[in-house]
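Enquirer: Take this structure, written in structure tokens, and hold onto it; I'll ask about it next.
Since every read-out is calculated from the coordinates, none of them should be taken as a lab result. This structure is a prediction, so every number in the text was calculated from the model and none was measured. Reconstructed Cβ throughout: ideal geometry from the backbone, glycine too, with neighbour counts over all protein chains shown.
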Amino acid sequence: MSKLMTSLTLAAAVALSACSTTSPDVVQRGDAQRLSQVQDATVLSVRPVTVDGSQSGVGAVAGGAVGAIAGGSVGGRREGQVVGVLGAVAGAVVGNAIERSATKEEALEIIVQLRNGERRSVIQAKGSESFSGGEAVVLITTGGKTRITRAPAVTPSVAPVAPAATPGT
């Protein structure tokens, strides 16, 4: 019985953790092929923060179901019902805690200054890029959500040189 409960709890935790991402390296399907606003900025400061986990109720329901099934298999019919109810309550509490822990995310608070002097703060999950003070970045806003990425290197465009006219042609 305890192996079953441990296996189901682990499966619920893995399923819940797979649902959570706010990575700046992952773009939502609805944001593809949408025009985004891009603003140039300079990083003023970066600090690590933790984004608290969510409590959608999925963990509590899954944990409650696991607890009820595991508890219901104990003893006779009457004992099984009582232990099943207690198992459901305990499972719901544990499932809720697992969901909250599995959806917690390490992130960065990045404070930037726009070219017009305004300052903005964006909290985003740690992605593949790291940022430091004084670095040129761009703020990309799509559908009300903003992410920060390094500013692309700009190479000066060179006007094409017209071929020199040859005398006598």
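Enquirer: Could you give the length gained on full extension between residue 129 and residue 52, defined as 0.36 nm per residue of separation minus the Cα-Cα distance, in nm?
Expert: Stretched fully, the residue 129-residue 52 segment lengthens by 25.5 nm.
Enquirer: At what distance in nm do the modelled label points of residue 141 and residue 114 sit from each other, each positioned 7 Å from its Cα along Cα→Cβ?
Expert: Taking the simple label geometry, residue 141 and residue 114 are separated by 0.6 nm.
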